1. Answer yes or no: is there a residue in the stretch 9-17 that is more than 21 Å from the chain's Cα centre (by Cα) and either modelled with pLDDT of 90 or more or assigned to a helix (DSSP H, G or I) (or both).
2. Within the stretch 25-66, take every residue that is assigned to a helix (DSSP H, G or I) and β-branched (Val, Ile, Thr) and give me the one that is nearest to ALA13 (Cα to Cα).
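The values are calculated or read from the model by the stated rules, or taken from the named source; none is laboratory data. Keep in mind that what you see is a predicted model, and the values were worked out from it rather than measured.
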Amino acid sequence: MARFPRSEAEILALAQELVVGLSNNVAVYPSPPVSVMDLAAKLSAYTTSKSTAVAAQASANRARTRSCAGYDPTGRGRMSPRR
């Protein structure tokens, strides 16, 4: 029995395979339940949005790292290492 993908990467790969398969087999699938062009457009929009979100998260992480640099939660300031 076929196993439906569970991870986001597997679902993305399946969608890409669907676009290629439907495009290459128009005679076999003359009227698929979803337009190949619509599926390709939605897939493209998804990958663009995903890339934008990943870039925004990376930027937020860098900003947080910069803002926390030198922060001492004890309030005692930086202490030199023990000798």
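1. Pass one, the stretch 9-17, residues more than 21 Å from the chain's Cα centre (by Cα): none.
The answer is no; no qualifying residue exists.
2. Here is the first cut: in the stretch 25-66, the ones assigned to a helix (DSSP H, G or I) are 36-66.
If we keep only those that are β-branched (Val, Ile, Thr) as well, we get 36, 47-48, 52, 54, 65.
On the way: VAL36: 15, THR47: 11, THR48: 15, THR52: 19, VAL54: 18, THR65: 33 Å.
So the residue we want is THR47.
Conditions (1) hydroxyl-bearing (Ser, Thr, Tyr); (2) at pLDDT below 95; (3) over 20 Å from the mean Cα position of the chain (by Cα), marked per residue:
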residue: MET1; (1), (2), (3): no, yes, yes
residue: TYR29; (1), (2), (3): yes, yes, yes
residue: PRO33; (1), (2), (3): no, yes, yes
residue: LYS42; (1), (2), (3): no, no, no
